[in-house]
Amino acid sequence: LPGAEVEEWRPGAAPADHAVVWSPPQQLFDEQPQLKGIFNLGAGVDAFLKLRLPPGARLVRLDDAGMSVQMAEYVCHAVIRHVRELDVYERDVAQGKWGFRKPRERADYPVGVMGLGVLGARVAQAVGQFDYPVVGWSRSAKEIRGVRCFAGDDQFDAFLAATRILVCLVPLTPQTENILNRETLSKLRPGGYLINVARGAHLVDADLIALLDSGQLAGATLDVFRIEPLPAGHPFWTHPKITVTPHTSARTLRDETIAQIAGKIQALERGESVVGVVDRERGY
Ligand code: OXD
């Protein structure tokens, strides 16, 4: 944006038309009531739900910007690593052990994707490319080729019952906080597996540990946590059935992000609409 003045925000900064932010403090919005656009440097906007934003400002999240392919890669990797038992082979090989395991039927590992937005839809289709049965669940009804879609609270249990590997990609809202708990996770097919790439607050940590320890769930790959970085000593670090990664499943890519936000600022300045505007009532 060669015509624009770009400044790092500090308390007392001059009024701006647009703000580009990640996890901003309330003070920024209290001091900048004239803002027209607030651009989040990520896909999830849960950090804004507790803030008071200038009423005239549009809150805009990143719309893919190179994230969906990373998310698809990460989830496919986690699914394949689990089903093909690559984690077990790694352990065997580390001990100098050469041993085959019985091939597993893909049909026995239906993958359920919760949340069918830009990221969830791409993940569902990518997993389907490897011939896993794929089911999806979202708040409102969706149609995605190759994915058996469920929608709304009424169909949530049926979705869980059809799922063995559960991928959480729903936005964090008051309705979805703690949605991954003892009751819901117990409804997965026996030997269920959890991949959480949304937000740590979706998951009740102690419930996951209990279900893994009882053998009801086979394992979990977790990229997001209630407190990040994951505190030292948290049981997830060392649990033998949990794989931890440091919130890296889909990183904000600098060049794609800059190009997208600059394009949207220009569009808003021309009075055009842009994609990715958050419905603040709905929370995403
Ligand atoms: C995001 C994230 O919301 O990285 O984009 O978690």
I'd like the FRET efficiency for Gln95 and Trp237, computed as 1/(1 + (r/R0)^6) with the beta carbon distance as r and R0 of 22 Å, rounded to 0.05.
0.50
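So what is the calculated 222 nm ellipticity per residue for the chain, using -39500 (n - 2.57) for each DSSP H run with n of 4 or more, over all residues, to the nearest 500 deg cm²/dmol? Provide the component values of the computation, followed by the final result.
Details: 8 runs with 78 residues, N = 284.
Result for the chain, helices only: -8000 deg cm²/dmol.
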Taking the DSSP beta bridges in the range 141-284 as the whole, what percent of them are antiparallel, to the nearest 5?
5
Separation of alpha-carbon centers, the range 54-74 and the range 120-145, rounded to whole Å:
19
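Once you charge only the Cβ atoms, +1 for Lys and Arg and -1 for Asp and Glu, what is the size of the charge dipole of the chain about its Cα centre, to the nearest 20 debye? Walk me through the numbers on the way to the answer.
Working: 32 positive and 34 negative charges, 153 e Å.
Rounded to the nearest 20 debye, it is 740 debye.
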Could you give the angle, 0 to 90 degrees to the nearest 10, between helix 254-269's Cα long axis and the longest principal axis of the Cα atoms of the chain?
40
Using only the Cα atoms of the chain, what are the Rg and Dmax in Å?
20.7, 66
Magnitude of the charge dipole, the range 129-253, Cβ model with Lys/Arg +1 and Asp/Glu -1, debye to 20
280
With a cut-off of 8 Å between alpha carbons and a minimum separation of six or more residues, what is the relative contact order of the range 81-150 in percent?
25
Restricted to the chain, the DSSP antiparallel beta bridge percent, nearest 5, is 5
For the range 165-284, what is Rg from Cα atoms divided by 2.2 N^0.38 Å, rounded to two decimals?
1.32
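What's the ranking of 148-154, 248-254, 132-138 by average number of surrounding C-beta atoms within 10 Å, highest first? Provide the component values of the computation, followed by the final result.
On the way: 148-154: 14.4, 248-254: 16.9, 132-138: 23.1.
Result, highest mean Cβ count within 10 Å first: 132-138, 248-254, 148-154.
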Highest-MSF residue in the chain out of Ile258, Ile227, Ile144 [GNM, Cα springs under 10 Å]:
Ile227
Where in the range 78-141 are there trypsin sites (Lys or Arg not before Pro) that are in a DSSP coil and have at most 10 other Cβ atoms within 10 angstrom of their Cβ?
Lys97, Arg101
Quick one: putting +1 on the C-beta of Lys and Arg, -1 on the C-beta of Asp and Glu, what dipole do you get for the range 138-181 around its Cα centre, in Debye to the nearest 20?
260
Using θ = phi - 60° and Karplus 6.51 cos²θ - 1.76 cosθ + 1.60, couplings along the range 137-147 (whole Hz; Gly, Pro as x)
9, 8, 5, 10, 4, 10, 10, 10, 4, x, 10
So what does Val20 come to for accessible area, using a 1.4 Å probe and Å² rounded to 10?
80
What residues qualify as long-range amide H neighbours of Leu166, i.e. H under 5 Å apart, gap of 5 or more or another chain, H built at 1.01 Å from N?
Gly112, Tyr193, Leu194, Ile195
Quick check on my link table: of Lys241/Lys264; Lys50/Lys142; Lys50/Lys241; Lys97/Lys241, which ones sit more than 31 Å apart, alpha carbon to alpha carbon?
Lys241/Lys264; Lys50/Lys241
Where is the GNM fluctuation largest for the chain (alpha-carbon springs, 10 angstrom cutoff): Tyr89, Tyr193, Tyr109?
Tyr89
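The values are calculated or read from the model by the stated rules, or taken from the named source; none is laboratory data. Bear in mind that the values here come from a model prediction, so they are computed numbers and not experimental data. Glycine gets a Cβ as well: all are built from the backbone with ideal geometry, and neighbour counts include every protein chain shown. In case anyone asks, the SASA skips ligands and DNA or RNA and just uses the protein heavy atoms, side chains included. Shrake-Rupley method; radii C 1.70, N 1.55, O 1.52, S 1.80 Å.
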